[in-house]
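Student: Mind having a look at this structure? Questions to follow.
Just so it is clear, none of the values below were taken in a lab; they were calculated from the coordinates. None of these values were measured; they are calculated from a predicted model. So basically every Cβ, Gly included, is an ideal-geometry build from the backbone, and we count neighbours across all protein chains shown.
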Amino acid sequence: MLGKRSGLRAGGIAVLAGTLTLALLPFGPAGSAVAAGSTGTASVFKVNPVQSSGNENLVDDNDSATAVPASEYATVQLRNLDGSGYLTGKWVNVQSATGTPAYSPTNTFVYDRSADQFEQVMAYFWINQAQEYLQSLGFGSTLPPVNEQQQQVKVDQYGGDNSYQTDKPFRIRYGKGGVDDAEDAEVIVHEYGHAVHAAQVPGFGSSEQAGSIGEAFGDYLGVTVGLDADQQYGWPVRTDLPCVADWDSVSYTSTVPHCLRRLDSNLTVADVNGEVHHDGMIWSRALWDIRNGYISLGLGSRGADTTIIDAQFSFAPDTSFSAAAQATYNTALARDGSKAAKLVRAAFAARGITF
Ligand SMILES: [Ca+2]
Ligand SMILES: [Ca+2]
Ligand SMILES: [Ca+2]
Ligand SMILES: [Zn+2]
């Protein structure tokens, strides 16, 4: 869940380079559909149009095409499609939607935001991107796989301004209140973060603190996958890095910058109020500090993310902040050494989380 208003309870991807690649490409007869591993073309937002433009005055204007300038769309590859012409592929299946399912026999999915199909395309692209990111860290090769399966997604089925992930069936649904939720990659990947946790530890989130960690990780994953994609594709970032859902939140926040939440709040365990999205900001600030500490040590954001995610395999479904912090520390010590482990301990201690 996104918890938009206070009080709500709420591997195979390696890019081959060089001449050896040619022999491996699945060339078929001209015009024939490639059954698996098809690559298409799509138009998507560069994470979200507020983040890429820096324009905090953008508004939904009732899903108007003209509310977002053409400059905030990017043309991208849509990878790992199954070649059926629908938004179905190795890591994502956009099952059904309020409007007509996007279909293109040439795998060309270019829509503007006023079309229902645009959100379907965004969901496909960003979930595939998130799974590719996880695999690029080594999950599924040097490390155990993380949610390495075809994620089921429904777009715009849920009428309210919220989105959620469920375990039975294992699915994500994106709502359409205000700015359509799937117009913001940080919202899309937040929900995928819940699927990641559920895949790593079945039933994860059965205590208040575990639920808070789930919300925190969703926010963190949304930001880190977006920032990594910005680097990969050369897209600009013109809003504060720790701001979550710069675009979706224009519909329900009045202060600028518009953020659903931030990763750099000063909350500590002394501020716990029992609401998982609020209390999650205690944990996500620690993750943010670990990330920046790793960058300072030369271990990079990718090093931080590898350790943060790998540690989650050992979290109990009803873990406490303290136990989960200890597990993260242990993983950092084993993988990254004592300097890294020390900063992990310090980042949690600054939130009042000790072990
Ligand atoms: Ca839309
Ligand atoms: Ca929304
Ligand atoms: Ca952002
Ligand atoms: Zn959530």
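Student: Counting other beta carbons within 10 Å of each residue's own, what order do K46, K342 fall into, fewest first?
Tutor: Values: K46 22, K342 14.
If I rank by nearby Cβ atoms, fewest first, I get K342, K46.
Student: Got a sec? Which residues in the stretch 214-253 would a label at D271 touch, if it sits 7 Å along Cα→Cβ and we count backbone N under 15 Å?
Tutor: 216, 242-244
Student: If we count every other residue with Cβ under 9 angstrom of S212's Cβ, Lys/Arg +1 and Asp/Glu -1, where does the sum land?
Tutor: -4
Student: Taking the Cα centre of the stretch 124-277 as origin and charging only Cβ (+1 Lys, Arg; -1 Asp, Glu), how large is the dipole, in debye to the nearest 20?
Tutor: For this selection, approximately 340 debye.
Student: Could you run the Karplus curve 6.51 cos²θ - 1.76 cosθ + 1.60 with θ = phi - 60° over the stretch 120-134 and give me ³J(HN,Hα) per residue in whole Hz, x for Gly and Pro?
Tutor: The phi angles translate into 4, 5, 4, 4, 4, 4, 6, 6, 4, 4, 5, 5, 4, 4, 4 Hz.
Student: Report, in debye and to the nearest 20, how large the dipole of the chain comes out about its Cα centre when Lys and Arg carry +1 and Asp and Glu carry -1 on their Cβ.
Tutor: 900 debye
Student: Let me ask another. So, how do all the Cα-to-Cα distances of the stretch 172-237 break down into 5 Å bins, in percent, from 0 on up?
Tutor: 4, 17, 22, 22, 18, 12, 4, 2
Student: Based only on other Cβ atoms within 10 Å, what is the fewest-to-most ordering of I213, I308, I188?
Tutor: If I rank by nearby Cβ atoms, fewest first, I get I308, I213, I188.
Student: When we measure straight from the Cα of K90, which lysines land under 23 angstrom away, once same-chain ones fewer than 8 places off are left out?
Tutor: Reachable lysines: K46, K154, K168.
Student: For the stretch 43-134, take N as its residue count and report Rg(C-alpha) divided by 2.2 N^0.38 Å.
Tutor: In units of the globular-protein estimate, the stretch 43-134 measures up at 1.10.
Student: Thinking of the chain as a set of Cα atoms, what percent of all their pairs are more than 35 Å apart?
Tutor: Tail fraction, whole percent: 20.
Student: Give me, ordered by chain and number, the residues 5 or more places off H258 or on other chains with an amide H under 5 Å from its own placed amide H.
Tutor: none
Student: Which ³J(HN,Hα) values, rounded to whole Hz and listed in residue order, are derived for the stretch 268-279 from phi using the Karplus coefficients 6.51, -1.76 and 1.60 in 6.51 cos²θ - 1.76 cosθ + 1.60 with θ = phi - 60°, glycine and proline given as x?
Tutor: Once rounded to whole Hz, the list reads 10, 4, 5, 9, 3, 10, x, 9, 5, 6, 5, 5.
Student: When Lys and Arg each count +1 and Asp and Glu each count -1, what net charge do the other residues less than 11 Å away from S64, Cβ to Cβ, add up to? Before the final figure, lay out the partial values.
Tutor: Numbers: positive: R113; negative: D60, D61, D63, D112.
Residues near S64 contribute -3 overall.
Student: Taking the convex hull of the Cα atoms, report for the stretch 166-282 its projected area averaged over all directions, in nm².
Tutor: The orientation-averaged projected area of the Cα hull of the stretch 166-282 comes to 8.0 nm².
Student: Please list, in chain and number order, the residues 5+ apart from L78 or on another chain whose amide H is under 5 Å from its amide H, with Hs placed from the backbone.
Tutor: Distant-sequence amide H within range of L78: G40, T41, A42.
Student: Given only helices, namely DSSP H runs of n ≥ 4 each adding -39500 (n - 2.57), what is the per-residue ellipticity at 222 nm of the chain, to the nearest 500 deg cm²/dmol?
Tutor: -12500 deg cm²/dmol
Student: How much net charge surrounds R79 when only the other residues with a Cβ under 11 Å from the Cβ of R79 are counted, with Lys and Arg +1 and Asp and Glu -1? Let's see the in-between values first.
Tutor: Values: positive: K90; negative: E132.
Every neighbour counted, the sum reads 0.
Student: Antiparallel as a % of all DSSP beta bridges within the chain, to the nearest 5?
Tutor: 55 percent
Student: Related question: In whole Hz, what ³J(HN,Hα) sequence does the stretch 345-354 give by Karplus (6.51, -1.76, 1.60; θ = phi - 60°), x for Gly and Pro?
Tutor: Once θ is set to phi - 60°, the couplings for the stretch 345-354 become 4, 5, 5, 6, 4, 5, 8, x, 9, 10 Hz.
Student: Please compute one quarter of the surface area of the Cα convex hull for the stretch 95-162 and express it in square nanometres. Kindly include the intermediate steps, with their values, before the conclusion.
Tutor: Details: hull surface 23.5 nm².
Computing the convex hull of the Cα atoms and averaging its projections yields 5.9 nm².
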